[in-house]
Amino acid sequence: MSENDVFTWICLGFLFLGMVFFCIGLALLRSAAHKDKVCTLPVNATIVDWIEDTTYHIDRGHSTRWHPVYEYTVNGRMIRRRSTLGYSRPQRAIGTTVTLMVNPAKAEEHHCPDGYMRFLGRVFLMIGVAIICAGIAVGLARIL
C-alpha cells in the first residue's frame with residue numbers, strides 16, 4: 001500500500017467518523033425540537049427515585065448512568081415514568097419538584113426543558129465538524 005493510499009484511507013476514515021457524529025447531533029436536535037413541538041402542557045412532577053443503569057464493557061470496565069423517575073398528574077391520572085436521559089450522577093434530591101412538559105395527547109410522553117438534549121446535540125455537531133475538518137486537513141496535506 002502506497003503512502004497516498006494510506007492518506008486516502010485516513011482522510012476517508014475521518015470524514016466517515018465526522019459524519020457519524022454530525023448525524024447523531026442532528027438527530028438529537030431534531031428529537032428535542034419534536035419534543036418541544038408536541039410536549040406543550042407544563043406539569044409539576046416530583047422526582048420519586050433514581051434508577052442506576054450500569055453497562056459493562058469488555059475493554060474498559062463499566063459506565064453508570066442515573067435516570068430520574070418522575071411522578072406527575074395529568075387529567076386526574078397519576079403517571080410514574082423513568083426518564084430516557086441519564087446523568088453521570090443524580091442531579092437533584094428525591095422529593096424535588098420540577099416542571100416537565102407533557103404531550104397532552106399522550107401523557108406518558110414528557111421531557112424536562114433543561115436543555116440537556118440540545119446541549120448534547122450541539123456537542124456532537126461540534127465534534128463532528130472538528131473531525132470532518134481534520135479529515136479535510138489530512139486530504140489537503142496529501143495534495144500539498
From the set of residues in the stretch 43-60 that are in a strand (DSSP E or B) and more than 22 Å from the chain's Cα centre (by Cα), which is farthest from ALA93 (Cα to Cα)? VAL43
Single residue of the stretch 106-134 satisfying the filter (at pLDDT below 90 and of a type in the set (Gly, Ala, Ser)) that is farthest from ASN75 (Cα to Cα): GLY115
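So if I check each of LEU85, LEU29, which one is aliphatic (A, V, I, L, M) and in a helix (DSSP H, G or I)?
Among LEU85, LEU29, only LEU29 is aliphatic (A, V, I, L, M) and in a helix (DSSP H, G or I).
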What are the residue pairs meeting all of these: first residue in the stretch 112-135, first residue of a type in the set (Lys, Arg), second residue crowded, with 16+ Cβ neighbours inside 10 Å, Cβ atoms under 6 Å, and 6 or more apart or on different chains? ARG118/ALA32
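Filter the stretch 30-85 down to residues that are among the aliphatic types (A, V, I, L, M) and surrounded by fewer than 12 Cβ atoms within 10 Å (Cβ to Cβ) and give me whichever is modelled with the highest pLDDT. Spell out how you get there, then give the answer.
Filtering the stretch 30-85 for residues among the aliphatic types (A, V, I, L, M) gives 32-33, 38, 41, 43, 45, 47-48, 51, 58, 69, 74, 78-79, 85.
Of the ones still in play, those that are also surrounded by fewer than 12 Cβ atoms within 10 Å (Cβ to Cβ) are 58, 78.
On the way: ILE58: 77, MET78: 94.
Here the answer is MET78.
The values are calculated or read from the model by the stated rules, or taken from the named source; none is laboratory data. What you are looking at is a predicted structure, and each value in this text was computed from that prediction instead of being measured. Virtual Cβ from ideal backbone geometry, glycine too; neighbours counted across all protein chains shown.
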